[in-house]
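The values are calculated or read from the model by the stated rules, or taken from the named source; none is laboratory data. Keep in mind that what you see is a predicted model, and the values were worked out from it rather than measured. Ideal geometry is used to build each Cβ from the backbone, glycine not excepted, and the neighbour counts take in all protein chains shown. Surface accessibility is based on the protein's heavy atoms, side chains included, excluding ligands, DNA and RNA. Shrake-Rupley method; radii C 1.70, N 1.55, O 1.52, S 1.80 Å.
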Amino acid sequence: ALYGVTARTLALSRGFDATSRLVQLATPMIEDLRTEIGWPSNLATFDHGGMTIAYTNRSAHGMSIPSRLGARIPVMATAVGVVYLAHLPPEALAAALAQLKTSHSRWDTAPALLATLEDRLEAARRNGHAFAEDAYLEEIYHSQIWAVAVPIMVGGRVVAALSSLVLGSA
């Protein structure tokens, strides 16, 4: 018998998305967190030099904060971006930072954020969480929102980050 790979083999991988499995597994826990703390959350993954919102419950359960599933957000200014970077192994961190050098987001190339990056990464590693940058929150949410994020680790490696969003006045 002779076997060969054909174009139909490609059809086997269509529709496969590792992020969708992560979302499927994480959704019940994220919803439980929303019930427990009363504030919405985002699950974000690093994708081609930016963070992408893979799941959000921002508009569920009453309070709505503008956002959309699949939105790309900056890495250097967001809590999910910083905590994700902080938990990468050194080689992966170097590769991610190289990608960010070509970013079209001014937040990912801002000299002030780059200058403080190592300190912010070290704080995120030490504390296990990161906060969004005040200047970013001021521009995007007029400082009405505060954001904190933790890494999502699978098998000892970071695969995503989970942020909770809270009204600053709360």
* To do: Would you check if there is a residue in segment 125-134 being assigned to a helix (DSSP H, G or I) and modelled with pLDDT under 95?
  => yes
* Asked: Do we find a residue being over 15 Å from the mean Cα position of the chain (by Cα), within 27 Å of R125 (Cβ to Cβ), assigned to a loop (DSSP other than H, G, I, E, B) and modelled with pLDDT under 85 anywhere in segment 50-72?
  -> no
* To do: Only one of these is open to solvent by 30 Å² or more (accessible area, probe 1.4 Å) and not small (G, A, S): N57, N127. Name it.
  => N127
* To do: Tell me which of these V158 doesn't satisfy, since it passes every other one: (1) part of a strand (DSSP E or B); (2) open to solvent by 20 Å² or more (accessible area, probe 1.4 Å); (3) of a type outside the set (F, W, Y).
  => (2)
* Take the residues in segment 21-36 that are modelled with pLDDT of 75 or more and open to solvent by less than 70 Å² (accessible area, probe 1.4 Å), then tell me which one is farthest from G168 (Cα to Cα). => L22
* Asked: All but one of (1) at pLDDT below 80; (2) surrounded by 10 or more Cβ atoms within 10 Å (Cβ to Cβ) hold for A79; which doesn't?
  -> (1)
